[in-house]
Each structure stands twice: as structure tokens, then as C-alpha cells.
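Chemist: First the structure, which I've put down as C-alpha cells, then a few questions once you've had a look.
The values are calculated or read from the model by the stated rules, or taken from the named source; none is laboratory data. Just so it is clear, the structure is predicted and the values come from calculations on it, not from any experiment. Positions of Cβ are generated from backbone atoms using ideal geometry, with glycine treated the same way; all protein chains shown enter the neighbour counts. Keep in mind that these areas ignore ligands, DNA and RNA; they rest on the heavy atoms of the full protein, side chains included. Shrake-Rupley method; radii C 1.70, N 1.55, O 1.52, S 1.80 Å.
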Amino acid sequence: MVEIWDNYGLPMVWMILKIIAIVFPIMLSVAYLTLAERKVIGAMHLRKGPNVVGPFGLFQPLADGLKLFLKETIIPSGANRGVFILAPCVTFVLALIAWAVIPFDKGMVLSNINVGILYLFAISSLGVYGILMAGWASNSRYAFLGAMRSAAQMISYEVSMGLIIITVLLCVGSLNLSDIVMAQREMWFIVPLFPMGVIFFVSTLAETNRHPFDLPEAEAELVAGYNVEYSAMTFALFFLGEYANMILMSAMTSVLFLGGWLPPFNAIPFTWIPGPVWFALKIAFCLFIFIWVRATFPRYRYDQLMRLGWKIFLPLSLAAVAIVSGILVAFNLTPNHG
């Protein structure tokens, strides 16, 4: 028994502690991202936002969570109960397990696998299943239409995201996320690949169903889309999953284009700041743009959404793969990932 504990017990306990150390800050960030969004949009609309519950409204996320926890979970009589409850759980779990390969600093990663970017892309692709399950199991036309919209939207923009990721991988020569970050020691990829960085970020807006691409949740024609029949904690899991996906997509943008944990310059004042702090600041910057876009832009029509994905982003992404490949071959530039 002692030998079994030595072989499996301590590593397992250490792994569980590392998982808790990742999941707890993410959940806290998700809670206060909701407050930050309401505060930032309030400031942009020249109003105060939440300011009653606690000092400066800081306890508002806790009050919202407690309210949703204490409410009754109502399941429609015609719904498939098992799939109905499983759908938000799938969405929430997928938003968390993707963090297993995200590097927070050099050597600070839960699972430093060599195909980390492939794992991330696979997990983000699975997100559509939770929404499809919710739309089908709700036995509601509005929910089903919202799920169909979301499936078409996510698949459309994943094509462009995949091609843009290929341009980054061509420059790095590795699928390991830590290698991708280390390849940006001299220059972040947002500088030479700026158009691709912009297209990738806009695609993440569509992938997370955020403004101006929140067609699956359009209030005017679909009431609330795929989650129209959800309430209490089942709705909260969808809500948490959406905001956790926002943080995940911001982390992916930071790793692929903004140098991950690396400081912007190698000067001493910047190198004194720890890598995880730089990584968190970059994620916060991307999240601010998420919120800024929501407060600024009107919602696209569905035909405009599809046109942007298939007729603009896809050709540009294909052209980028060809151009980057051609430049690397023509100038004999060998990828250097450190």
C-alpha cells in the first residue's frame, strides 16, 4: 500500500492541487468579468452600472450567483430531461478542460504536450455540441433555431481560425504552445501577422457568440435562442461557460499573437514584472476589446455574418497561408522556437 501511494498518491495529489490552482482563479475571473462588463458598458453609456451591492458594487457577482443557486430549475414538460441537463454541463466543462495546455509562464503549464494547439482547437470545436444538445432537448422552436444558427456560425468561423493558426505554426515549426510563445522573444507575431491577428480575434467573437455576432441569442427574433428554456443553475452554467470561453479565447490570442507571458520589451523595468502578470494583463486587454465591441457595434444580420465568414475571412486566410509559406521558402527562413 505504501508503494502504491508513493507511485500514484503523491503525483495525483499534486496534480489535483495544480488543477485547483488553475480552476479557482478562472472561476473568480469569470464572476468578476460579468461585473467588469457591466461597469465598462455603463461608463461607455454614461451611467454608473452596478453600485449598490457592496462597496462600488463589488459583491454584485456573489449576489447574482446566490440568486441563481436558490432559484428553481424548471424543465419543460416536453424536454428530454437527461440531455437538457447535460447540455450546460458539457459547455461548462469544455470551457475549463482547455486550460490544461495553456502556459502561464515558462514551465508553468498543467500538461506541456507537443500538440497543445491541436488539443485547443479540438476542444473549441466541441463547444458546439453543448449548444446543439440544448436546442434539441428543449423541445422549443426558438431554442432549436438558435442552436442551428450557432452550429452554422461556429463551424463557419472555425475554418478561418484553423487557417490562421496554420500561419502561426508555419512561423514556429512546433505545435507546442510554450514553443509558440518562445518564438516571439524578438518580436510578437501581431507585428508581422497583424491582419491575421485581427481576423483571428474577430473570429473568436463569432466563436463565443458575442456582439456583433450574437445571432444565436438574438432577442428580437429568437427571444433568447438556445437557452430560452433554461433557468437557475442550468442557465448559470451556460452563462459561466460563455464567459470562461471569452477568457480562453483571449488567452489563445495572447499566446498566438501577443507573446504570452513575455514582456513587450527586454528593458529591466519590464523584466521585473513576473510572466503570469504579463499574461493576465494581455488577457484583460483582449477582454476589454470584447466588452468595447459589445458596447459599440450593432448586431449583424445573419446573411452578413455568413458573408463575412465565407467570402471575406476564408479567402484572406487561405491567401495568408500561401503568402507566409512562400516568404518562408523564398527567404529560407527556418522556424526558431527556442
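Chemist: Per residue, how much accessible area does the chain have with a 1.4 Å probe, in Å²? Don't skip to the answer; put the middle values down first.
Modeler: Details: 17070 Å² over 338 residues.
Ligands and nucleic acids excluded, the result is 50 Å² per residue.
Chemist: Also, quick follow-up: Please list 286, 89 from largest to smallest accessible area, probe radius 1.4 Å, with all protein chains kept in place.
Modeler: On the way: 286 5, 89 50 Å².
Sorted by accessible area, descending: 89, 286.
Chemist: When the scattering of the stretch 72-148 is computed by the Debye formula from its Cα atoms alone, each counted once and equally, what is log10 I(q)/I(0) at q = 0.17, 0.21, 0.24, 0.25 Å⁻¹?
Modeler: -0.70, -0.87, -1.02, -1.07
Chemist: Let me ask another. Given the pairs 106/311; 48/282; 18/282, which span a C-alpha to C-alpha distance of over 29 angstrom in this model?
Modeler: Values: 106/311 39 Å; 48/282 26 Å; 18/282 22 Å.
In this structure, 106/311 lie more than 29 Å apart at Cα.
Chemist: Tell me the Kirkwood hydrodynamic radius of the stretch 14-154 in angstroms, computed as one over the mean inverse distance between distinct C-alpha pairs. Spell out each step's value before the answer.
Modeler: Values: mean 1/r = 0.0555 Å⁻¹.
By the Kirkwood definition, the hydrodynamic radius is 18.0 Å.
Chemist: Suppose accessible area is computed on protein heavy atoms with a 1.4 Å probe; arrange 316, 170 from highest to lowest.
Modeler: Numbers: 316 85, 170 60 Å².
Order by accessible area, largest first: 316, 170.
Chemist: How many percent of the alpha carbon pairs in the stretch 144-275 exceed a separation of 27 Å?
Modeler: Working: 2875 of 8646 pairs.
Summing the P(r) of the stretch 144-275 above 27 Å gives 33 percent of all pairs.
Chemist: Right, here's the next one. Rounded to whole Hz and in sequence order, give me ³J(HN,Hα) for the stretch 319-330 from the Karplus expression 6.51 cos²θ - 1.76 cosθ + 1.60, θ = phi - 60°, writing x for Gly and Pro.
Modeler: 4, 5, 4, 5, 5, 4, 4, x, 5, 4, 6, 4
Chemist: I'd like to compare 241-250, 67-76: which one has the highest average count of other Cβ atoms within 10 Å, and what's the full order after that? Could you put the intermediate results ahead of the total?
Modeler: Numbers: 241-250: 23.9, 67-76: 12.9.
In descending order of packing, they fall as 241-250, 67-76.
Chemist: Starting at the first residue of the stretch 118-127, write each ³J(HN,Hα) from the Karplus equation 6.51 cos²θ - 1.76 cosθ + 1.60 with θ = phi - 60°, in whole Hz, x for Gly and Pro.
Modeler: For the stretch 118-127, the Karplus-derived couplings read 5, 4, 4, 5, 5, 5, 5, 5, 6, x Hz, x marking Gly and Pro.
Chemist: Still on this structure, I have one more. What number, rounded to the nearest 500 deg cm²/dmol, is the helix-based mean residue ellipticity at 222 nm of the chain, given -39500 (n - 2.57) per DSSP H run of at least four residues and division by all its residues?
Modeler: Roughly -21500 deg cm²/dmol at 222 nm, from the helical runs in the chain.
Chemist: Under the Karplus relation 6.51 cos²θ - 1.76 cosθ + 1.60, θ = phi - 60°, what is the ordered set of whole-Hz ³J(HN,Hα) values for the stretch 57-63, x standing for Gly and Pro?
Modeler: 3J(HN,Hα) across the stretch 57-63, in whole Hz: x, 5, 9, 4, x, 5, 5.
Chemist: Can you give me the Kirkwood hydrodynamic radius for the chain, using every pair of distinct Cα atoms, in Å to one decimal? Provide the component values of the computation, followed by the final result.
Modeler: On the way: mean 1/r = 0.0467 Å⁻¹.
In the chain this quantity evaluates to 21.4 Å.
Chemist: Using a simple charge model, +1 on the beta-carbon of Lys and Arg, -1 on the beta-carbon of Asp and Glu, nothing else, what dipole does the chain show about its Cα centre, in debye to the nearest 20?
Modeler: On the way: 19 positive and 17 negative charges, 148 e Å.
Roughly 720 debye for the chain.
Chemist: If you don't mind, another one. Enter the mean projected area of the convex hull around the alpha-carbon atoms of the stretch 15-87, in nm², rounded to one decimal. Before the final figure, lay out the partial values.
Modeler: Numbers: hull surface 31.7 nm².
Over every viewing direction, the Cα hull of the stretch 15-87 projects on average to 7.9 nm².
Chemist: If you don't mind, there's one more thing I want to ask. Using only the Cα atoms of the stretch 81-125, build the gyration tensor, take square roots of its eigenvalues as a ≥ b ≥ c, and label the shape rounded, prolate or oblate: rounded if a/c is under 1.5, else prolate if a/b is larger than b/c, else oblate. Display every interim value, and only then the final one.
Modeler: On the way: a/c = 4.34, a/b = 2.48, b/c = 1.75.
Note, shape of the stretch 81-125 comes out prolate.
Chemist: Check residue 108: other-chain or 5+ apart residues with amide H under 5 Å from its amide H, H built from backbone geometry?
Modeler: Hits under the 5 Å cutoff: none.
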